[in-house]
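Take a look at the structure set out below.
The values are calculated or read from the model by the stated rules, or taken from the named source; none is laboratory data. In this text the structure is predicted, and so the values were computed from the model without any measurement. Ideal geometry is used to build each Cβ from the backbone, glycine not excepted, and the neighbour counts take in all protein chains shown. SASA here: full protein model, heavy atoms, side chains in, ligands and nucleic acids out. Shrake-Rupley method; radii C 1.70, N 1.55, O 1.52, S 1.80 Å.
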Amino acid sequence: MKGIRYSPIASEGLENIFYCWTRVVSSVKGFEEEFRVCRPSDFWLYSDREKRYTEFVSKYVKPSGHITVSLRSKELFSWGVFEVFAKLPRFEKGPMFWFGFELDDLFGGGVVHFMWHSGEGVLKAFAGGFSSRVEMDLTKYLPVDASDRKHLYRIVYRRGLAMWFIDNRLRAMAIIGVGDVRDSGILYNGDPYVIGFTRDAPSSALPVLLDIDGGDVEKSFEWQDLHPWDLRISNGDSETPIVIDLYKHGEDKKLVDALIDKEVVSAPIPGTLRHKEITFVADNECRLAIEAFVNGNWFGVVEADIDPKKIHNIVIENMGILYRLVIKPRKVLRVIEAKAFLQ
C-alpha cells in the first residue's frame, strides 16, 4: 500500500494513482447524458516549477459541456486519513467540489467527505451511504480568506466515528453505526463543532474522491492551485485513541483556564465508543455531573464531589449517544484541566 502523496505521483504519473471518468451531455437522441472514461492528466494539470518554495502552478479543470469530472483513487484506504491544502474558489452558478472518501458515485458504498458549493459559498461534511447520510454545515467555520489562501482540510475516519478538521481545529464529528438506515441527523449544532450520526455505515475501506460536479454546464470552471503536492492520504487506525478538549456549550472557548462562578455546561462528546473517560482538575471545590442525551433530553448519569487541585478521572460505564459535563461550583474556581478520552 503506497498511500497518496507527491512522490509516487511524480515518478509514476497520475494515471497510476487515479481512475478518471466524466459525465457529459449526450449527443445521441433520446439520451440526456453519458459517462466517458478519461485520463486524469487531461483535467488535472500541474507543473513541477515553483513560483516560490512549494507554490506550484496547477489547476483541476471541468471544461464546458462537462457535467462532472471525477477522479477516484485506485487504492482503497482502511479507516483512512485524508488531507488537502487548498483554496476553495467562488464562482457565479458554480459547481460543487467533493473531496474526501467515497466508494462510488451517488453515495453508493458510503462516503466520508467534504462538499464545497462554489456558487453558494457553503461547506458541508457528509457521512453515510446511499440510503441515508448526515449532512453537517461547516460554513460558519470557514476561514474568511478560504478562497484567497490555502487552508488545511482533514478527515480522520476510524471505527464508529469520523472527524473533520479545518486548519487543525475539530469542526465536525459523525457517529457511525448500522441499524435503521433512515434514522440519521444532527445531534448538536453549537460551537465548537457539529455532531451528527448515521446508521448507514460506509465501508471501512474507501477510495479517495476529487470531483468537480454540476454548475453551469456551458461554462468552464477551474480549481486553481490544486497540486498533487498538497494531497496526503494514508491508512489510519480503527482504534485510534481520541482526546477532545472540553468546551463551553455553544462557545468556541475551552473550559481550561475558564473562571466559573455559576453552573456551566460543556459541549457534548460522542458516547458510543467502548471507553469514555473524563479528566477534570479545578483549583476550588465543586460538584461535577455527567449527563446523557436520550430522546432529545439530558438525564443524569453520575455525580461526584471535586476536591481542589486533585486529578479526577471519571469513567462513563453505560452506553449513550452523547454525554456532557455539568460543573456546579461552590466557590469561584478556575478549571485546570477538562478533557475527554475516547477509544
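Below are the figures for this structure:
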read-out: Contour minus Cα-Cα distance for residue 93 and residue 131 (0.36 nm per residue); value: 10.9 nm
read-out: Relative contact order (percent, whole number), the chain, Cα cutoff 8 Å, 6+ residue spacing; value: 18
read-out: Net charge dipole size for the chain [Lys, Arg +1 and Asp, Glu -1 on Cβ; Debye, nearest 20]; value: 480
read-out: Matching label, mean projected area of the Cα convex hull in nm² computed from the structure shown, candidates (1) 19.4; (2) 17.9; (3) 16.5; value: (1)
read-out: Residue 249-residue 36 FRET efficiency (beta carbon distance; Förster radius 30 Å; 0.05 resolution); value: 0.05
read-out: Accessible-area composition of region 110-213, carbon plus sulfur, in percent [1.4 Å probe]; value: 45
read-out: J(HN,Hα) series, region 163-169, from Karplus relation 6.51 cos²θ - 1.76 cosθ + 1.60, nearest Hz, glycine and proline x; value: 9, 10, 10, 10, 6, 6, 9
read-out: Net lengthening on full extension, residue 297/residue 140 (0.36 nm per residue, minus Cα-Cα); value: 53.9 nm
read-out: Net charge of neighbours whose Cβ lies under 10 Å from the Cβ of residue 182, counting Lys and Arg as +1 and Asp and Glu as -1; value: -2
read-out: Region 213-239 and region 1-75: distance between their alpha carbon centers, rounded to Å; value: 9
read-out: Net charge of Cβ neighbours under 14 Å - reference residue 316; Lys, Arg +1; Asp, Glu -1; value: 0
read-out: Global geometry of region 1-155, whether rounded, prolate or oblate, following the gyration tensor of its Cα atoms and the 1.5 cut on a/c; value: rounded
read-out: Sequence-distant lysines (8 or more away, or on other chains) whose Cα lies within less than 20 Å of residue 124; value: 87, 93, 140, 150
read-out: Under 5 Å, built H, 5+ apart or other chain: amide partners of residue 258; value: 335
read-out: Loop sites in region 75-177: GluC sites (Glu not before Pro), DSSP, at most 15 other Cβ within 10 Å; value: 92, 120
read-out: Positive minus negative residues near residue 341 (Lys, Arg vs Asp, Glu; Cβ under 10 Å); value: +1
read-out: From phi via Karplus (6.51, -1.76, 1.60), per-residue ³J(HN,Hα) for region 61-66 in Hz, x at Gly/Pro; value: 10, 10, x, 4, x, 9
read-out: Long-range lysine pairs (8 or more apart or interchain), region 188-314, Cα under 24 Å; value: 16
read-out: Estimated vicinal HN-Hα couplings, Hz - region 100-113 in sequence order (Karplus 6.51, -1.76, 1.60; Gly, Pro = x); value: x, 10, 7, 6, 7, 5, 6, 6, x, x, x, 9, 8, 8
read-out: Selection from 100, 161, 76, by position along the positive dipole direction of region 31-171 (Cβ); value: 161
read-out: Rg(Cα)/(2.2 N^0.38 Å) for region 184-314, N = residue count; value: 1.49
read-out: Residue range of the chain that is longest and free of chymotrypsin sites (Phe, Trp or Tyr not before Pro) which are both DSSP loop and sparsely packed (at most 13 other C-beta within 10 Å); value: 54-343
